[in-house]
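Participant: Handing you this structure, nothing more for now.
The values are calculated or read from the model by the stated rules, or taken from the named source; none is laboratory data. What you see is a predicted model; the values in this text were computed from it and never measured. Please note: Cβ atoms are built from the backbone with ideal geometry, for glycine as well, and neighbour counts cover all protein chains shown. Just so you know, the surface numbers come from the protein's heavy atoms only, side chains and all, with ligands and any DNA or RNA stripped out. Shrake-Rupley method; radii C 1.70, N 1.55, O 1.52, S 1.80 Å.
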Amino acid sequence: MARAALSAAQARRVALAAQGFGGPRGDGSGPPGARAMLAMAQRLGVLQIDSVNVLARAHYLPLFSRLGPYDRDRLDQAAWRAPRRLFEYWGHEASLLPVALQPLLRWRMARAGDDAWGGMRRIATEQPALVARVLEDVRARGPVSAAQLADDEAPRRSGPWWGWSDVKRAIEWLFWSGQVTSARRRGFERMYDLPDRVLPREVIAAPTPAEADAHRELVRIAARALGVAAERDLRDYFRLPLAGARTAVAELVEAGELLPVEVEGWRTPGYLDPGARVPRRVHARAVLGPFDPLVWERSRVERLFGFRFRLEIYVPAPRRVHGYYVLPFLLGDRLVARVDLKADRAAGALLVQAAWAEAQAPDETAAELAEELRTMAGWLGLERVEVRDRGDLAGALRGAVGPGGR
């Protein structure tokens, strides 16, 4: 099969368009509605969940980056209230996914004995009676939290970051294996219930596809969401097994549903979604959460944007280069800066703890970033933007934000 070719700039624009960037934000009549929000969630296929809340929960940020200030309660409604449109499961990492994808992930549920984390597997193997009791407790009491299930058991620490009791391991095993699901969140605490009491009836009744068929469909979804990608990007989107993803990619290429493509500067073969647009230009402006699907595969970020991005949350503070919770800034079709952000809710301020410009960032970077941060502050219910001194862009950004940071 002939291999098409894309310039580096074309590949960037293809990727951005596929990810929902470049179009107008809303229609000017008000905040994006539920239809626009759900359409974007469907387009992306997965919203990663993370516990860090220094700015906003990770799953809220990708929709803001693409749609602008939307009502976060609408996302909560779709994910945790009837009629359910999204559900929680292990997609990329812990994720919100369209409910129609649940049958495509049953192979992962069936492989929990091999793929789940060690502590969960040990509980299932060594204490099956406990797992069965926890499942019956959920059946009788759900929706119920792990803490409520383990209210008579003192947690035993399992590592430096959190303490998981045996009941917590058991409920997480049941969640991984698909026997329970997330009914809602109380704060950030997951409340568990049985899938047939949470998910739509038609999802529960849908047939389970063969594993190879599920892998192939998940690669299709990843290809549409990425636009242009290397094999590892397609595999990583839903964390597919190497052999299954490789077979799926080969089969989709043979069927003409993925087009081999050479991308300028890439050392690895690329694959193009046949339906991908190749815009002549992209007019985008967004800050991107560190768990955004555009940037979560770090090697892809370097291939597409020449932008080296590392998550420094777990790096000791003296060794951090750019900051604790750093968001790249997208302007046009380039990543031109990065900012370390924190929502100081008590003070009503969006804190820019550091701001750094990339080489050859355009002159308007500070002004455009200031406007985006004002928009973000308003979305988060904060009164002002406050810029600290750290970083080579901090002075220009402070000047662009202006007195009072409003």
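Participant: Let a ≥ b ≥ c be the square roots of the eigenvalues of the Cα gyration tensor of segment 275-315; is it rounded (a/c under 1.5), or, if not, prolate (a/b larger than b/c) or oblate?
Facilitator: Here segment 275-315 falls in the prolate category.
Participant: Now, a different point. What part of the accessible area of the chain, given as a whole %, is carbon or sulfur when the probe is 1.4 angstrom? Let's see the in-between values first.
Facilitator: Working: 8820 of 17900 Å².
Heavy-atom surface of the chain belonging to carbon and sulfur, 1.4 Å probe: 49 percent.
Participant: Treating only the Cβ atoms of Lys and Arg (+1) and Asp and Glu (-1) as charged, compute the dipole magnitude of segment 43-172 about its Cα centre; round to the nearest 20 debye.
Facilitator: Numbers: 20 positive and 16 negative charges, 86 e Å.
Dipole about the Cα centre, nearest 20: 420 debye.
Participant: Would you mind working out the accessible area per residue for the chain, using a 1.4 Å probe, and quoting it in Å²?
Facilitator: Per-residue accessible area for the chain comes out at 44 Å².
Participant: Using the Cα centre as the reference, give the magnitude of the dipole from point charges on the C-beta atoms of segment 297-337 (Lys, Arg: +1; Asp, Glu: -1; all else neutral), rounded to the nearest 20 debye.
Facilitator: That gives a dipole near 140 debye.
Participant: Still on this model: How far apart, in nanometres, would the label points at GLU126 and ARG310 be if each is projected 7 angstrom from Cα along the Cα-to-Cβ direction?
Facilitator: So the label points at GLU126 and ARG310 sit 3.6 nm apart.
Participant: Hand me the GluC sites (Glu not before Pro) from segment 81-149 located in a DSSP loop with no more than 15 other Cβ atoms within 10 Å, in residue order please.
Facilitator: GLU93
Participant: Please go through segment 252-343 and write out the GluC sites (Glu not before Pro) that DSSP classes as loop and that have at most 15 other C-beta atoms within 10 Å.
Facilitator: Counting only loop positions with at most 15 other Cβ atoms within 10 Å, the GluC sites (Glu not before Pro) in segment 252-343 are GLU264.
Participant: Still on this structure: Taking 0.36 nm per intervening residue step and subtracting the Cα-Cα distance, what contour gain separates GLN360 from ALA250 on full extension?
Facilitator: The GLN360-ALA250 span can extend by a further 35.7 nm.
Participant: On to the next question. For segment 211-276, with the dipole built from +1 on Lys and Arg beta-carbon atoms and -1 on Asp and Glu ones, taken about the Cα centre, which of GLY227, PRO241, PRO274 lies farthest toward the positive end?
Facilitator: It is PRO241, whose Cα lies furthest towards the positive end.
Participant: Hand me the chymotrypsin sites (Phe, Trp or Tyr not before Pro) from segment 220-319 located in a DSSP loop with no more than 11 other Cβ atoms within 10 Å, in residue order please.
Facilitator: Counting only loop positions with at most 11 other Cβ atoms within 10 Å, the chymotrypsin sites (Phe, Trp or Tyr not before Pro) in segment 220-319 are TYR314.
Participant: Given Cβ point charges of +1 (Lys, Arg) and -1 (Asp, Glu) and nothing else, what value in debye, to the nearest 20, does the dipole of the chain about its Cα centre take? Walk me through the numbers on the way to the answer.
Facilitator: On the way: 60 positive and 50 negative charges, 51 e Å.
Rounded to the nearest 20 debye, it is 240 debye.
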